[in-house]
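Working notes, beginning with the structure itself.
The values are calculated or read from the model by the stated rules, or taken from the named source; none is laboratory data. Bear in mind that the values here come from a model prediction, so they are computed numbers and not experimental data. Glycine gets a Cβ as well: all are built from the backbone with ideal geometry, and neighbour counts include every protein chain shown. Note: areas computed on protein heavy atoms with side chains; ligands, DNA, RNA excluded. Shrake-Rupley method; radii C 1.70, N 1.55, O 1.52, S 1.80 Å.
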Amino acid sequence: MSTVIDPVALTVVDNYLTSCCRDMGVTMMTTAYSPIFNESLDFSCVIFDPRGNMLAQAEFCPSQIGTIKFTVDWTIEELGPDGFDEGDIVIHDDPYRGSGHVPEHMLLKPVFWEGALVAFVANVAHMSEVGAKTPGGLSGDATEIYQEGLLLPPVKIKRRGEDVDDIWKIILSNHRTPRVTLGDFRAMIGSLDMAERRIHALIADYGLDFVQAAADELMAIAERRMRAEIEAIPDGTYTFEDAIEDDGITDRDYPIKLTLTIDGGEVIADFTGSAPQAVGPVNAIYAVTASAIYNAFLHLTDPTIPRNEGCYRPFTIIAPPGTIVNCSFPAPVAGGNTETSPRLTDMIFGALQHAIPDRIAASCGGTSSPFLFGGIDPRTGEPYAHFHFEGVGWGGRRGLDGNSMVVTINGNCRNTPVEVFETRYPAFRIDSYRLVPDSGGPGEFRGGLGGERIFTVTVPEVTVSALLNRMKTEPWGVLGGGEGAVGGLWVRRAGTAEWRTFVEEFGTMSPSKFSGVTLRDGDQVRILMPGGGGYGDPRLRDPESVRCDVAEGFVSADAARAVYGLESYAGEA
Amino acid sequence: MGEWRETEISYLKANRAACELCGHPIARRYWGAEADGAERMFCSPDHERLYNDYWLPRYGRKAVT
């Protein structure tokens with residue numbers, strides 16, 4: 001006989017679990033060593049039932065939240081349901097066994113109650129240094145996954161509450177910054193320990209039977225509500241194509257083809273016909289592709305639907321093995337999670353622009369703008385490494401302009417503040433950081449602006465790498481909206497006046513995907529981040545909005561005249 | 001009629017099994033079924049159904065991987 005649970009109690013349990021995930025994140029943010037944790041928030045925290053069903057998540061990184069489902073599934077499959085003991089913690093960062101990309105490490109802790117396994121708590125986080133071919137990982141010209149860092153299949157770093165020293169030694173001897181790695185992992189472990197205590201407290205208050213019944217009911221509710229949202233989209237087959245520009249090794253586009261079928265409450269996102277996998281690191285593994293589709297539909301549907309396993313049940317993602325959306329071992333994958341993922345999410349919006357014009361948005365800037373660097377801190381003699389990323393313009397959508405310089409749609413992260421950047425890392429001084437006028441795609445609802453950052457090397461030498469996209473092909477607009485501006489990356493050597501691309505200065509194949517370039521004291525780097533696409537005909541834009549844009553410096557007077565057709569406003573700016 | 005089966009997790013093989021419909025890598029447990037004249041691996045019975053109802057009408061027979 002099933003347990004009937006009143007809606008108030010269900011809401012209490014749902015909010016409790018979500019709040020627990022949020023607090024896990026606060027623990028990580030406040031106790032970690034690296035800015036990518038405590039400033040960028042490039043991590044996620046999730047709770048699962050013993051079968052691997054996601055029970056709760058919080059508002060962290062969408063690409064990680066989708067992929068961690070697969071990472072946990074694999075871990076439970078590989079270790080087996082009886083493979084866990086109280087006090088164990090499993091680590092996992094192998095993309096070909098379910099994780100997103102090598103820098104993202106998952107830690108998983110089983111939660112026991114009166115001797116029985118009742119839940120898993122897990123977090124996944126982007127480590128700032130993972131022992132790849134160059135500092136910070138995400139080597140833009142990697143050709144196999146072994147160049148992207150230390151791979152860890154699901155193994156225990158704590159067994160029955162005790163550190164497994166052999167595993168710790170392997171990890172710490174492979175990362176360039178072991179002290180930071182250790183501090184960040186300890187923050188993750190602290191977060192899991194806190195979550196375990198919270199779940200114990202919940203069960204102590206409500207009883208195990210009630211909590212398990214509530215969890216099952218919450219997943220059923222989420223599934224029903226998500227299916228109802230999908231049923232509101234007109235049935236049909238929708239298509240869209242986009243491409244990833246170069247892979248750091250070969251100068252060619254990698255087309256991605258989407259056939260999206262909406263059939264009642266079911267969705268099939270079919271990527272058959274997409275390009276074969278790339279030689280360089282722009283490949284997505286299956287979990288990343290699936291995660292990008294979940295991310296798109298979570299943006300399109302009611303945000304009050306409980307964020308648990310039930311949300312994902314209506315979706316089938318078809319990603320043929322050996323393609324750029326589901327590459328085969330041992331292809332490199334670092335940029336799949338930072339560059340290809342946002343492209344896939346945006347493609348859902350593009351496909352559905354005529355079916356649900358009130359809900360979709362134009363393309364965002366579509367790159368995490370990964371710029372990585374490392375070296376030896378001259379102040380201490382200790383190694384340092386950092387994964388720096390930037391915001392982009394987001395696409396315009398019905399009723400609203402796109403956000404300016406917000407980290408791309410797969411990330412929900414934050415950039416590193418200038419003050420922290422300069423304090424923590426001796427390598428650079430930030431010379432300027434600004435929004436770029438006219439970089440947002442024109443539209444009735446304008447695309448968000450991209451930005452520009454210029455910084456100067458302040459140490460004898462620093463090793464830099466990059467893995468950026470949307471440097472050649474513009475973020476697209478929808479429903480008559482215009483394209484956002486592309487990004488770019490340049491270097492100006494000390495004592496010279498000319499900005500040159502890395503191709504021109506260092507002979508890299510790609511202007512935006514390379515690794516291991518040495519810059520020296522006084523050299524400057526200029527990163528330009530793409531804008532977002534526009535929504536709707538720019539000639540329909542509210543004249544007062546154009547006036548404000550010109551006054552704020554978001555749109556030039558020339559563009560106000562030529563693109564928005566507002567001759568009379570040009571002179572007033 | 002298909003059934004749930006298990007495959008061995010190996011650290012010695014480079015080629016990893018994947019669902020014949022969606023391409024999802026299979027860790028251990030899979031739904032084994034005869035479809036389109038061949039024994040095939042799927043994530044679930046639902047993916048066996050979609051292989052017959054969605055994949056075959058659009059793309060035709062798939063080589064067994």
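Chain B: which GluC sites (Glu not before Pro) are DSSP loop and have at most 13 other beta-carbon atoms within 10 angstrom?
Here the sparse-neighbourhood loop sites are B:8.
What does the average come to when, for each residue of peptide B:23-32, you count the partner chain Cβ atoms lying within 10 Å of its Cβ?
6
Computed on protein heavy atoms with a 1.4 Å probe, what is the summed buried accessible area for the chain pair A and B, in Å² to the nearest 100?
Heavy-atom accessible area buried at this interface is about 1900 Å².
For the stretch A:251-321 and the stretch B:1-48, what is the separation of their Cα centres, given in Å?
Comparing the Cα centres of the stretch A:251-321 and the stretch B:1-48, I get a distance of 20 Å.
Given H placed 1.01 Å from N in the peptide plane, which residues other than close sequence neighbours of residue A:513 have an amide H under 5 Å from its amide H?
Under 5 Å from the amide H of residue A:513: A:468.
Provide the FRET efficiency to the nearest 0.05 for the residue A:432-residue A:172 pair, computing r from the beta carbons and using R0 = 60 Å.
After rounding to 0.05, the efficiency reads 0.95.
Measure out, as a whole number of angstrom, how far apart the alpha-carbon centroids of the stretch A:205-222 and the stretch A:71-101 sit.
Each part reduced to its Cα centre gives a spacing of 24 Å.
Can you tell me what the convex hull of the Cα atoms of the stretch A:362-541 projects to on average, as an area in nm²?
For the Cα atoms of the stretch A:362-541, the hull's average projected area reads 10.3 nm².
Rounded, prolate or oblate for the stretch A:269-365? Axes are the square roots of the Cα gyration tensor eigenvalues, ordered a ≥ b ≥ c, and the cut-off for rounded is a/c under 1.5.
Judged from the Cα gyration tensor, the stretch A:269-365 comes out prolate (a/c at least 1.5, a/b above b/c).
Starting from the Cα of residue A:133, draw a straight line to each of the aspartates and glutamates and keep only those under 17 Å, dropping any in the same chain fewer than 8 residues away.
Candidates past the 8-residue exclusion: A:93, A:94, A:104, A:141, A:144, A:148, A:247.
Determine the calculated [θ] at 222 nm for the protein assembly as shown from helices alone, applying -39500 (n - 2.57) to every DSSP H run no shorter than 4 residues and normalising by the residue count; nearest 500 deg cm²/dmol.
-8500 deg cm²/dmol, from helical runs alone.
Residue by residue through A:266-278, how many Cβ atoms from other chains fall within 10 Å of the Cβ on average?
2
Among the listed pairs B:13/B:62; A:69/B:13; A:156/B:62; A:69/A:257, which are separated by more than 27 Å between their Cα atoms?
Pairs exceeding 27 Å: A:156/B:62.
Over chain A, what is the relative contact order in whole percent, taking alpha-carbon pairs under 8 Å and six or more residues apart?
13
Leaving out ligands, DNA and RNA, and with a 1.4 Å probe, what % of the accessible surface on chain A is carbon or sulfur?
51
Quick one: net charge around residue A:331, please, counting Lys, Arg +1 and Asp, Glu -1 for every other residue with C-beta under 12 Å from its C-beta.
Combined, the nearby Lys, Arg, Asp and Glu give -3.
I'd like to check one number: the per residue accessible area of chain A, probe 1.4 Å, reported in Å² as a whole number.
34
Once you have a ≥ b ≥ c as the square roots of the Cα gyration tensor eigenvalues for the stretch A:1-115, tell me rounded if a/c is under 1.5, and otherwise prolate or oblate according to whether a/b is larger than b/c.
oblate
Under 11 Å from the Cβ of residue A:129, count the other residues' Cβ atoms, weight Lys and Arg +1, Asp and Glu -1, and hand me the total.
+1
Please give, to one decimal in nm, the separation of the simple spin-label points placed at residue A:51 and residue B:3, each 7 Å out from Cα toward the Cβ.
With each label point 7 Å from Cα toward Cβ, the separation is 2.2 nm.
Across the stretch A:92-105, in residue order, what do the Karplus-derived ³J(HN,Hα) couplings come to in whole Hz, using 6.51 cos²θ - 1.76 cosθ + 1.60 with θ = phi - 60° and x for Gly and Pro?
7, 9, 9, x, 7, 10, x, 8, x, 7, 4, x, 8, 9
For chain A, what does the convex hull of the Cα positions come to per residue, in cubic angstrom?
Considering the Cα atoms of chain A, their hull volume per residue is 145 Å³.
Taking K and R as +1 and D and E as -1, what net charge do the other residues with C-beta under 15 Å from the C-beta of residue A:262 add up to?
Summing Lys/Arg as +1 and Asp/Glu as -1 gives -4.
Would you work out the relative contact order for the stretch A:362-541, in percent, from Cα pairs under 8 angstrom that are 6 or more residues apart?
30
How much length would be gained if the chain were fully extended between residue A:424 and residue A:494, taking 0.36 nm per residue of separation minus their Cα-Cα distance, in nm to one decimal?
Going from the current span to full extension adds 22.9 nm.
Using the Karplus curve 6.51 cos²θ - 1.76 cosθ + 1.60 with θ = phi - 60°, work out ³J(HN,Hα) for each residue of the stretch B:34-49 in order, rounded to whole Hz, and write x for Gly and Pro.
8, 9, 6, x, 9, 6, 10, 9, 10, 5, 6, x, 4, 6, 4, 4
Considering the stretch A:425-532, what Rg and Dmax in Å follow from its alpha-carbon atoms?
Answer for the stretch A:425-532, Rg first and Dmax second: 15.4, 51 Å.
What residues of the stretch A:310-351 lose no less than 30 Å² of accessible area with every protein chain in place versus their chain by itself (probe 1.4 Å, heavy atoms only)?
When all protein chains are present, A:316, A:318, A:321, A:329 each give up 30 Å² or more of accessible surface.
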